Amino acid sequence: MAYTTDLTKIDNLIAANPNWSGITSEAVARMRLQNRFKTGLDIARYTADIMRRDMAAYDADPSNYTQSLGCWHGFIGQQKMISIKKHFGSTKGRYLYLSGWMVAALRSEFGPLPDQSMHEKTSVPALIEELYTFLRQADARELGMLFRDIDAARAAGDIAREKQLQQSVENYQTHVVPIIADIDAGFGNAEATYLLAKKMIEAGACALQIENQVSDEKQCGHQDGKVTVPHEDFIAKIRACRYAFLEMGVDNGIIVARTDSLGAGLTKQIAFSKEAGDIGDLYNSFLDCEEVADASSINGDVIINRGGKLMRPKRLPSNLYQFREGTGADRCVLDCITSLNNGADLLWIETEKPHIEQIAGMVDRVREVIPNAKLVYNNSPSFNWTLNFRQQVFDAWVKEGKDVSAYDRAKLMSVDYDATELGAEADERIRTFQRDAAKRAGIFHHLITLPTYHTAALSTDNLAKEYFGDAGMLGYVKGVQRKEIREGIACVKHQNMAGSDLGDDHKEYFAGEAALKAGGTHNTMNQFAA
């Protein structure tokens, strides 16, 4: 942050314009620092560089994995980064994730929708822009408080304190971090994907996550009925995203290619193939087919040649074709290799459970071809983490010959097992899951897609139960405000968080002594000064 060096330049600019009465160089320098990022493209370029450095750091040492939490409102994203800076002193390695699921469920004008790409696609870039508006405001607010402290130190004649605070400004770390943004299956054909990608990049997205499902049949990754597309169709959309990045001047933009093949048993199309062994032929090799013994039985069917035999892919009444059972992992591996060889930077394998060896088994095969392959992984609330890991421990103990007679595998979710040795080991595996998976399974970035959807519901339930019950107002005071004060939650001073003090600063810049400021003696936020 070039606070002190910028002052001289602004002094010279103001001196060259003597009719700019009342404009002070220090106020201008402060306002410039509080609005460091002028456009979404500035943000996209800045954050893309961050992600590229983090990816290189992970390649050097997998303990350098990164994390993010999903958010559906600018305030939620802002509070996450404020909390991270408060608790850890740095935003390094921490991003935000924009979930298409949460956009559909919480941001659509149609009301709550399932994760099927039915929401307005313009709501996705709008949320990116909103998130960065709130993150930039967090910068402006925090810097504004530093500037006020500088003024107070100067007024008190405390030169050492003033220099210390100025150094804090010079070394200031922004709340602006990378956002990995969900573009679903592209909301249409490759052209539609390109147009939406440009809007998302223009809003500030440095990383786009796109999946290999059919756009108009798209399903949530953890539900049934998923339909994939041939590789050439998906590659066209990857290229569309890359063209969008390059056109917008974000040369370091990141594309996350997601495969849903592990849980997708259907395809809408037979892939085009010119010769045996090409990518179309490989895609078709997984189709569930039956040999055609009598050509006269063919009635509007698609017939493919497999090893010199005429084969009829099994077509469902929905006009979809099904893959052979048990081919999901093989298809995932092929998807990953094909995506990385055609412009993707990171992978996302959607799984049905959080199991490190299952993920690693596929990643090991990908890395035989592309050694630095890296994953973004969904630590999804769709998984029952407690049950899954207790069952994993149970199965491991059985394999080791350990006595498990005290446990009922089908009922391991029971609170009765919370204080048991099995429950403790499962919790420890959950605690270290991200660290262990980063090392063993090539996971560069761990995210939770829908955390604040669940935390908002849980905290609201707790407040409603107390406030509308016997606790009354104490339900709010004890359960919310007292905790905010004692835990140093910034938004306990909600007027300050909403920008009231920033507005006062501007009023003073603009009107001087005539400014009518909100932060006077009668502002009740003063009750939280301690």
Can you confirm whether the stretch 41-59 contains a residue that is touching a helix residue (DSSP H, G or I) at 6+ places or on another chain (Cβ under 6 Å) and not in a loop (DSSP other than H, G, I, E, B)? yes
Condition (residue is among the charged types (D, E, K, R), part of a helix (DSSP H, G or I), over 30 Å from ARG32 (Cα atoms) and without any contact (Cβ under 8 Å) to a residue 60 or more places away in the chain) applied to the stretch 471-481: is it met by at least one residue? yes
With respect to ALA126, determine if the residue is in a helix (DSSP H, G or I), surrounded by fewer than 18 Cβ atoms within 10 Å (Cβ to Cβ) and free of Cβ contacts under 8 Å to residues at least 12 places away in the same chain. no
Just the residues that are over 16 Å from THR133 (Cα atoms) and part of a loop (DSSP other than H, G, I, E, B), please, taken from the stretch 165-181. ASN171, TYR172, GLN173
Strands (runs of 3 or more DSSP E) enclosed by the stretch 237-345 - at least 2 residues per element that are under 28 Å from LEU208 (Cα atoms): 254-259
How many residues are in contact with a Gly (Cβ under 8 Å, 6 or more places away or on another chain) and surrounded by fewer than 15 Cβ atoms within 10 Å (Cβ to Cβ) if we restrict to the stretch 469-487? 1
Does HIS87 meet the test of being free of Cβ contacts under 8 Å to residues at least 40 places away in the same chain, over 29 Å from ALA373 (Cα atoms), surrounded by fewer than 19 Cβ atoms within 10 Å (Cβ to Cβ) and not aromatic (Phe, Trp, Tyr)? yes
What tally of residues in the stretch 52-72 results from selecting those that are out of contact with any strand residue (DSSP E or B) (no Cβ under 7 Å at 6 or more places or on another chain) and at pLDDT 95 or above? 10
Taking the stretch 241-271 and keeping residues within 18 Å of ALA181 (Cβ to Cβ) and over 21 Å from the mean Cα position of the chain (by Cα) leaves TYR243, LEU246, GLU247, MET248, GLY249
Test PHE234 against the criterion of being crowded, with 20+ Cβ neighbours inside 10 Å and either in contact with a Pro (Cβ under 9 Å, 6 or more places away or on another chain) or modelled with pLDDT under 95 (or both), and give yes or no. no
Any residue in the stretch 505-530 that is touching a residue at least 60 places away in the same chain (Cβ under 8 Å) and closer than 12 Å to ALA27 by Cβ sitting within a Cβ distance under 8 Å of a residue that is polar (S, T, N, Q) and surrounded by 14 or more Cβ atoms within 10 Å (Cβ to Cβ)? List the pairs, counting only those 6 or more apart or interchain. TYR509/THR24
Candidate set from the stretch 422-455 (those that are surrounded by fewer than 16 Cβ atoms within 10 Å (Cβ to Cβ) and modelled with pLDDT under 95); member that is nearest to TRP348 (Cα to Cα): HIS454
Residue satisfying all of: in the stretch 96-111; closer than 23 Å to CYS206 by Cβ and not aliphatic (A, V, I, L, M); surrounded by the fewest Cβ atoms within 10 Å (Cβ to Cβ) among these: ARG107
Within the stretch 129-142, does at least one residue satisfy the condition of being among the hydroxyl-bearing types (Ser, Thr, Tyr), assigned to a helix (DSSP H, G or I) and buried (at least 20 other Cβ atoms within 10 Å of the Cβ)? yes
Among PRO371, PRO381, PRO354, which is surrounded by fewer than 21 Cβ atoms within 10 Å (Cβ to Cβ) and touching a strand residue (DSSP E or B) at 6+ places or on another chain (Cβ under 9 Å)? PRO381
Within the stretch 200-217, identify whether any single residue is in a helix (DSSP H, G or I), modelled with pLDDT under 95 and not charged (D, E, K, R), and answer yes or no. yes
Within the stretch 3-21, the count of residues that are within 18 Å of GLU162 (Cα to Cα) and either surrounded by 13 or more Cβ atoms within 10 Å (Cβ to Cβ) or assigned by TED's automatic domain parsing to the domain that holds ALA511 (or both) comes to 3
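The values are calculated or read from the model by the stated rules, or taken from the named source; none is laboratory data. Keep in mind that this is a model prediction, so the values were computed, not measured. All Cβ positions, glycine included, derive from the backbone under ideal geometry; neighbour counts span all protein chains shown.
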